[in-house]
Amino acid sequence: MSIKNDQWIVRMSKEQGMIEPFEAAQMREGIVSFGVSSYGYDMRVSDEYKIFTNVNSTVVDPKRFDSSNFVEVKAKEILVPPNSFALARSVEYFRIPRQVLAICLGKSTYARCGIICNVTPFEPEWEGHVTIEISNTTPLPAKIYSNEGICQVLFFESDEACRVSYKDRQGKYQGQTGITLPKL
């Protein structure tokens with residue numbers, strides 16, 4: 001398995017639509033960077049959010065998730081409450097090739113502010129908008145900027161295709177287009 005560089009990412013995005021919309025250069029001036037980097041792609045967070053609130057005093061249960069625990073917001077920037085989190089989605093739509101696994105990590109600009117981004121791996125042949133969990137680990141509100149970088153995606157290509165892909169298994173998050181809540 002090998003990590004893929006910027007030239008591979010550009011080629012795969014142009015030839016196979018791996019990332020749409022695609023930014024072939026890293027945009028940085030006055031914003032949290034996004035676009036192709038040396039060995040990855042810095043994806044953007046859209047302007048759609050679900051901000052967690054505890055107004056219902058419920059338990060967070062992945063088997064019986066209560067969507068009323070979120071306030072939906074569409075904005076150029078948001079504040080994530082102290083010691084809380086928000087869900088968002090990527091601007092980019094990803095189509096992962098069968099021989100590829102992608103790992104997503106939070107950007108250092110946000111991490112240095114106590115903001116942690118969590119995204120599960122993009123399995124072979126998964127496609128969709130990425131649902132991003134943004135945690136504010138600080139005792140203060142944390143600002144997130146829409147349409148700017150939020151996470152870096154690293155692509156790893158195997159020497160051979162997997163036996164069963166996410167698409168083959170008919171994964172429950174296949175083709176998601178919005179912020180997708182937990183499913184069983």
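FYI, it's all coordinate maths here, none of it is from the lab. Computed from a prediction, not measured in an experiment: that's the story for all the values here. Neighbour counts run over all protein chains shown; Cβ positions are idealised from the backbone, glycine included.
Between GLN176 and HIS129, the built amide H atoms are under 5 Å apart, and every one of these is 5 or more places off in sequence or on another chain.
Relative contact order of the chain, please, whole-number percent, based on alpha carbon pairs below 8 angstrom and at least 6 residues apart.
28 percent
Which whole-angstrom value gives the distance between the alpha carbon centres of the range 104-154 and the range 163-184? Computed from Cα coordinates, the inter-centre distance equals 19 Å. Take 95-105, 30-40 and order them by the average number of nearby Cβ atoms within 10 Å per residue, most first; the result is 95-105, 30-40. Pairs of Lys residues in the range 2-157 that lie 8 or more places apart, or on two chains, and have C-alpha atoms under 17 angstrom apart add up to 7. Report the local net charge at ARG44: Lys and Arg +1, Asp and Glu -1, summed over other residues whose C-beta lies under 9 Å from its C-beta. So the surrounding residues net to -4.
Projecting the Cα atoms of ALA75, PHE85, ASN118 onto the charge dipole of the chain (Cβ charges, centred on the Cα centre) puts PHE85 farthest toward the positive pole.
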